[in-house]
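Undergrad: Before I ask anything, here is the structure I am working with.
The values are calculated or read from the model by the stated rules, or taken from the named source; none is laboratory data. It should be emphasised that the depicted structure is a prediction, and the values quoted were computed from it without experimental measurement. Cβ placement follows ideal geometry from the backbone for every residue including glycine, while neighbour counts extend to all protein chains displayed.
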Amino acid sequence: MSLKKRLELIRQVGEEIVTENELRQLLGEKKHPIAYDGFEPSGNVHIAQGLLRAINVNKMTKAGCRFKMLVADWHGWANNKMGGDLDKIKTVGKYLMEVWKVAGMDLDKVEFIWVSDYVKDEEYWKKVMQIARNTTIKRIIRCGQIMGRKDNEVLQSSQILYPCMQAADIFHLEADICQLGMDQRKVNVLAREIGPKLGLWKPVIVSHHMLMGLTPPKFHLIPTASAEDRTVELKMSKSIPDSSIFMTDPAKEVKRKISKAYCPPKIIQENPILEYMKYIIFERYGKVNIERDKKFGGDLEIKNYLELEKLYAGGEIHPLDLKNAASNYINDLLEPVRKHFDKNKKAKELLNFIKKQDVTR
């Protein structure tokens with residue numbers, strides 16, 4: 001694959017790339033650069049983690065990247081997820097890996113690495129200490145966003161340690177590319193600043209889009225809110241079930257959540273149903289069909305997202321018709337996952353465990 005095509009694939013993943021010139025140079029120098037993402041096992045898995053993550057990882061590996069997926073169990077422990085029970089956190093990690101088996105991710109090109117395995121390495125903790133010694137408490141607290149926390153919610157000492165660990169992860173994994181969400185950019189920028197001071201490298205940041213939650217956005221009355229604050233507030237939340245569609249939600253539940261979702265007519269900005277269409281459905285199907293009553297012009301076959309956006313903004317597609325289409329396509333994508341967790345004994349046991357847990361922030 002040409003450098004131009006590799007770069008274009010990664011551009012499709014990156015809502016923001018820091019910097020594109022460095023990425024181009026990296027791809028020119030390395031045929032298989034290492035890209036990494038991490039996930040904090042913290043409860044049920046929504047479609048942003050399941051479906052959208054698979055789409056993005058597949059693009060990165062198609063572009064030639066070796067992908068390392070970090071199971072950040074110790075980070076979840078530091079952040080008091082699952083009530084601070086490390087064994088429960090590890091079980092949730094196994095559940096998410098089971099989801100990806102049937103969510104379309106090309107796992108032959110992905111290496112899963114558990115933090116609980118490499119915390120035994122003294123060299124890792126040396127990196128954590130080097131990061132801590134080269135930054136301030138104030139800067140670390142500002143990185144609380146990576147944990148889903150506002151500055152005033154970083155209360156435990158373990159949460160101060162978390163950003164230092166995450167920055168150290170990048171260098172311990174020998175990652176050339178930090179391919180995480182927009183909500184993680186602050187700690188990636190920290191790593192870029194500190195890396196050269198420690199005689200290490202400056203990783204490229206490829207930050208993917210954070211899929212909106214289904215509930216109405218909070219920032220319509222605060223247009224001056226920063227992009228980072230909007231990202232945190234608008235994204236899906238496991239602690240607000242109706243804001244998210246989970247990978248094992250029954251078909252009726254998917255329809256119910258989407259039917260009540262925020263989707264104002266003719267409005268394309270911050271419209272979660274249009275986001276589902278753009279980032280998941282068109283990516284997986286290429287084109288979509290919108291069923292409409294004949295008196296409104298009959299069914300539509302739409303070949304790309306821009307065409308859908310134009311039709312919706314012009315009032316030619318009713319929100320209910322858009323929601324019905326989104327429900328049908330999302331359910332089609334989730335059906336293999338539901339079947340796997342229904343028929344596979346190991347998967348079913350993990351799902352039953354998840355259902356019994358209380359999700360903690």
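Undergrad: Within the range 178-274, considering only helices (runs of 4 or more DSSP H) that don't extend past its boundaries, which have at least 1 residues that are at pLDDT below 90?
TA: 227-234
Undergrad: Of all residues in the range 83-111 being of a type in the set (D, E, K, R) and closer than 20 Å to residue 352 by Cβ, which is surrounded by the fewest Cβ atoms within 10 Å (Cβ to Cβ)?
TA: Filtering the range 83-111 for residues of a type in the set (D, E, K, R) gives 85, 87-88, 90, 94, 98, 101, 106, 108-109, 111.
Okay, now just the ones that are also closer than 20 Å to residue 352 by Cβ, so 85, 87-88, 90, 94, 98, 101.
Values: 85: 16, 87: 9, 88: 21, 90: 19, 94: 17, 98: 22, 101: 14.
Top of the filtered list is 87.
Undergrad: Go through the residues of the range 112-125 one by one and say whether even a single one is in contact with a Leu (Cβ under 8 Å, 6 or more places away or on another chain), over 18 Å from residue 36 (Cα atoms) and either of a type in the set (Val, Ile, Thr) or buried (at least 20 other Cβ atoms within 10 Å of the Cβ) (or both).
TA: no
Undergrad: Is one or more of the residues making up the range 307-317 free of Cβ contacts under 8 Å to residues at least 24 places away in the same chain and aliphatic (A, V, I, L, M)?
TA: yes
Undergrad: Among the helices (runs of 4 or more DSSP H) lying completely within the range 1-120, list those that include at least 2 residues that are assigned by TED's automatic domain parsing to the domain that holds residue 192 and closer than 20 Å to residue 244 by Cβ. Explain how you work it out, then say what you get.
TA: Details: elements: 3-13, 20-29, 53-62, 73-78, 86-101, 115-118.
In the range 1-120, the matching helices (runs of 4 or more DSSP H) lie at 53-62, 86-101.
Undergrad: Consider residue 347 carefully, then state whether it is in contact with a His (Cβ under 6 Å, 6 or more places away or on another chain) and either at pLDDT 95 or above or of a type in the set (Gly, Ala, Ser) (or both).
TA: Considered against the rule, which asks whether it is in contact with a His (Cβ under 6 Å, 6 or more places away or on another chain) and either at pLDDT 95 or above or of a type in the set (Gly, Ala, Ser) (or both), residue 347 comes out as yes.
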